[in-house]
Amino acid sequence: MRSYANNLAPHSIRVNSVHPTGVNTPMIVNDAMQEFLAQDPALSNALANALPIDVLQPVDISNAVAWLVSDDARYVTGVTLPVDAGFTNKK
Amino acid sequence: MSGRVAGKVAFITGAARGQGRSHAIRLAQEGADIIAVDICGQLDSVPYAMSTPDDLAETVKEVEALDRRIVAIQADVRDYGTLKAALDDGVAQLERVDIVSANAGIFSFGTAEELTDEQWKDMMDVNLMGVWHTAKAAIPHLRAAGGGSIVLTSSSAGLMGMANIGHYVSAKHGVVGLMRTLALELAPDMIRVNSIHPTTVNTDMIQNSAAYELFAPDLPAGERTAEVLGPRFQALNALPIPWVEPVDISNAVLFLASDEARYITGVTLPVDAGSLVKTPG
């Protein structure tokens, strides 16, 4: 992302990344994942968000994508944008 | 009233002009009422003319023209008592606060060797302590509202070193630490806290003879125009633009303040035309 942001900036092409915490999709909400987490309560605790929100909805990530690609963000490039309910800041 | 922040009330410091006025207008366009404060006065260590009561009156006029309510009060972010009284007065009139924009900031320059204690102290007092005061005064009101969004204005200089502005860089880095801590402390109350990191913004803080001198010490004062300086400012950015406009920062404040960003907290959001990731050369 950072390399492409640099390479493409002269062409006014912006490149950013979004960094979700757990999102309510089949990739996370499935039997295998539930079984894996059930093995050890510490795992679930380690994955808890700062905000009192268990899981984000897909639209929360979509809203970030929609903002980044819109002209509202016309000078935003090379940015890592967490959409993570404060998860990474909690570490 | 429709809009992305309809029904909300925003508290904005440094709202008389520049980015703060732009935030007030942009948030009002999307349905928010505004509590605006500004020092409307001069600090001796600041090498350009600061805001005036007329500037704040113009912000009031522009927000009211959008059919939104605004309470505007002259207050210095360095003085917690006055700032808190101003906010409390605004909340008494507009009933709540959901959004906080800690925007008030100053700029001056000198190498670490040259900076005076006065320059250092004024910078820390306005650009860091003032931000803390703003959040501190607002927290009880945000809790009462059942949650909210605090946006701290840092700078690309809050995430990287820059020669000649060690005090500004230090204060703006401090804002990041404050943001991260506030985000943790306030998450259980659903109060989100993030920082914005602009590159050069086209405002009076940059478009003045003192800032021009910093970027073009080699040119005679008469030749330091915005047109001549543009390419030098542009050299900071990856995108081929000299500076961003105040509305570009307002659009980031609006996004973070809105429910579109309901689960974004603890984030440093550059609006910097790629200046932070730009490789030299």
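Side notes on the structure shown:
- Residues satisfying the stated conditions in the range B:48-77, i.e. of a type in the set (Gly, Ala, Ser) and surrounded by fewer than 16 Cβ atoms within 10 Å (Cβ to Cβ): B:49, B:57, B:65
- Search result, residues across the range B:258-275 that are in contact with a helix residue (DSSP H, G or I) (Cβ under 7 Å, 6 or more places away or on another chain) and assigned to a helix (DSSP H, G or I): B:260, B:261
- Residue match in the range B:193-212 (condition: part of a helix (DSSP H, G or I), more than 17 Å from residue B:127 (Cβ to Cβ), at pLDDT below 95 and away from every other protein chain (no Cβ under 14 Å)): yes
For (1) closer than 20 Å to residue B:32 by Cα; (2) modelled with pLDDT of 95 or more; (3) in a loop (DSSP other than H, G, I, E, B), each residue gets a yes or a no:
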position	(1), (2), (3)
B:101	yes, yes, no
B:106	no, yes, yes
B:119	no, yes, no
B:122	no, yes, no
B:125	no, yes, no
B:128	no, yes, no
B:136	no, yes, no
B:139	yes, yes, no
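- Selection within the range B:214-257 - farther than 23 Å from residue A:71 by Cα and outside any helix (DSSP H, G or I): B:216, B:217, B:218, B:219, B:220, B:224, B:225
- Meets criteria (of a type in the set (S, T, N, Q), within 7 Å of chain A (Cβ to nearest Cβ) and surrounded by 22 or more Cβ atoms within 10 Å (Cβ to Cβ)) for residue B:251: yes
- Of the residues in the range A:55-72, not one is within 12 Å of another protein chain (Cβ to nearest Cβ), polar (S, T, N, Q), surrounded by fewer than 19 Cβ atoms within 10 Å (Cβ to Cβ) and within 20 Å of residue B:156 (Cα to Cα).
- Considering only residues in the range A:9-35 that are surrounded by fewer than 17 Cβ atoms within 10 Å (Cβ to Cβ) and in a helix (DSSP H, G or I), the one that is nearest to the other protein chains (Cβ to nearest Cβ) turns out to be A:10.
The values are calculated or read from the model by the stated rules, or taken from the named source; none is laboratory data. The shown structure was predicted, so the numbers you read here are calculated from the model rather than taken from an experiment. Backbone-built Cβ (ideal geometry, glycine too); neighbour counts: all protein chains shown.
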